[in-house]
Amino acid sequence: MVPLVCAVAGPLLAELTVALETHIDIPNGWMYSESTASAVLAAIVGAMVGLTGFVVAFGVLIVQMATQTLSPRFMRLWFRDGLQKTVLGTFVGTLTFALALLRRVGPDTVPDIGVTIAGIAVTVSVVLFLVYLDRFIHRLRPVAVGWIVARAGARVFQEMQPTGPHSELGDARPEGPPSLEVHSGAAGAIQAIDRRGLLETATRHDCVLELAHAVGDIVPHGSVLLRVFGATPPDAEHLRGLLAIGEERTIEQDPAFALRILVDIAIRALSPAVNDPTTACQILGAIEDLLLVIGESDLRDRDTICDGSGRPRVLIVTRRWDDLLALALTEIRDYGATSTQTTRRLAALLDHLAARVRPEHRAAVEEQVAELAAALERFVPDPRARAFASRPDAQGIGGASSAEVTFSSS
């Protein structure tokens, strides 16, 4: 939409600059002959066509490289990057602006102000183009992508944390059958829910709304989306509109999807075709940081939205710490069990989690420690090699081991 709006705004701005010339005294330095104005505007049109084509071709190249070396699920974040939209919008807007001015050039009319503005727009476009190249060349590195995704996941998780004090609500689900079940009209992934809209609707109708699926779940058509407990249930179509269902998951309300993208990048690096465990270890650094943000947080009450009086109104499905930890580590451990660098980095990650997460989360960390030990028992039969592979090392291999103990098969 941004390039489209800029393309429409270009001719409108051109008409505005032509209208302004009759009301403004133009400095001599801004005045051009007919031939000069035509040559400048024609050159600007050609330059903008070439730059726009290059950016589109560069974008296609990025998509190809990213889907091969990173994860196709990262593309959604890249498509939404504000700089890319700004660059394309500036290029297309400058192109249509110059074209609209070019048709105004004649023996008796030269859009002097417009030609000057077009020259400034070209200068801005070139600067944005250089920034665009620098930014996206650096952002194609897996480690850079990993930290971008981890920060996005941490931000989403923190935004969805309950803001009020913890209250012992017990089982907030009402007894008895629901008064209404809302079914999906089409299949797809639950991309987001309107938390405020659901709360306002439940409060207005004095009912309790229960979501049947978590954000990120794939639901077939006709599946139950919401259950309503109350005497006067809201309109089903209105409730259906408070959930966004699309073709793929998004990261906006789904921090687990951030972990999914990071794991995909890591296991792709661990595949025999790539065989790049160093990249996997770098991605584990981003995974560790995101897990620490989650593990150091109080996850109680995340499945309940209460009204101003503290009464539960909306019950949502959230993923437990155990689920998120298993999502982050299981596949990397399975594919990287024969990579000494990866197992040592995993051991260091688990050490850091055990030392910093909340007490109620440590049992899941200990379970992952046992799973890593069992994986080493299966894939590394030599005791000396297994002892070396089990030592925690924040760099994988080459850093100072954080402990000289090894995992016990018990």
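The values are calculated or read from the model by the stated rules, or taken from the named source; none is laboratory data. A quick note: this is a predicted structure, and the numbers were derived from the prediction, not measured. Reconstructed Cβ throughout: ideal geometry from the backbone, glycine too, with neighbour counts over all protein chains shown.
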Residue check: is Glu237 within 22 Å of the chain's Cα centre (by Cα), charged (D, E, K, R) and surrounded by fewer than 21 Cβ atoms within 10 Å (Cβ to Cβ)? no
For Ile265, work out the one condition from (1) assigned to a helix (DSSP H, G or I); (2) buried (at least 17 other Cβ atoms within 10 Å of the Cβ); (3) more than 24 Å from the chain's Cα centre (by Cα) it doesn't fulfil. (3)
Looking at the stretch 334-349, which of its residues are surrounded by fewer than 21 Cβ atoms within 10 Å (Cβ to Cβ) and out of contact with any Phe, Trp or Tyr (no Cβ under 9 Å at 6 or more places or on another chain)? Asp334, Tyr335, Gln341
Restricting attention to the stretch 282-328, which residues are in a loop (DSSP other than H, G, I, E, B) and either within 18 Å of the chain's Cα centre (by Cα) or basic (Lys, Arg) (or both)? Arg300, Arg302, Arg311, Arg319, Arg320
One residue from Leu239, Leu225, Leu209 being in a helix (DSSP H, G or I) and in the same structural domain as Gly185 (by TED's automatic domain parsing): Leu239
Here are some conditions: (1) surrounded by fewer than 17 Cβ atoms within 10 Å (Cβ to Cβ); (2) in contact with a helix residue (DSSP H, G or I) (Cβ under 9 Å, 6 or more places away or on another chain); (3) assigned by TED's automatic domain parsing to the domain that holds Ser339. Gly308 meets all but one. Which one does it not meet? (3)
Flag for Thr232 being among the hydroxyl-bearing types (Ser, Thr, Tyr) and modelled with pLDDT under 90: yes
Residue match in the stretch 330-353 (condition: part of a loop (DSSP other than H, G, I, E, B), without any contact (Cβ under 8 Å) to a residue 60 or more places away in the chain and more than 30 Å from Val208 (Cα to Cα)): yes
Just need a number here: residues in the stretch 8-50 that are closer than 30 Å to Arg141 by Cα and at pLDDT below 85. 0
Among the listed residues Ala354, Ala385, which satisfies the condition of being within 30 Å of Asp298 (Cα to Cα) and small (Gly, Ala, Ser)? Ala354
From the option list Arg356, Arg391, Arg362, Arg319, single residue qualifying as surrounded by 14 or more Cβ atoms within 10 Å (Cβ to Cβ) and either of a type in the set (Asp, Glu) or free of Cβ contacts under 8 Å to residues at least 40 places away in the same chain (or both) is Arg362
Count, please, the residues in the stretch 30-59 that happen to be more than 18 Å from Ala121 (Cβ to Cβ) and of a type outside the set (A, V, I, L, M, F, W, C). 4
With respect to Val263, determine if the residue is in contact with a helix residue (DSSP H, G or I) (Cβ under 7 Å, 6 or more places away or on another chain) and modelled with pLDDT under 90. no
Which residue, of Phe91, Phe97, Phe79, is assigned by TED's automatic domain parsing to the domain that holds Thr22 and modelled with pLDDT under 85? Phe79
Among the listed residues Asp351, Asp382, Asp334, which satisfies the condition of being out of contact with any Lys or Arg (no Cβ under 9 Å at 6 or more places or on another chain), outside the structural domain of Asp217 (by TED's automatic domain parsing), modelled with pLDDT of 90 or more and closer than 19 Å to Leu270 by Cα? Asp334
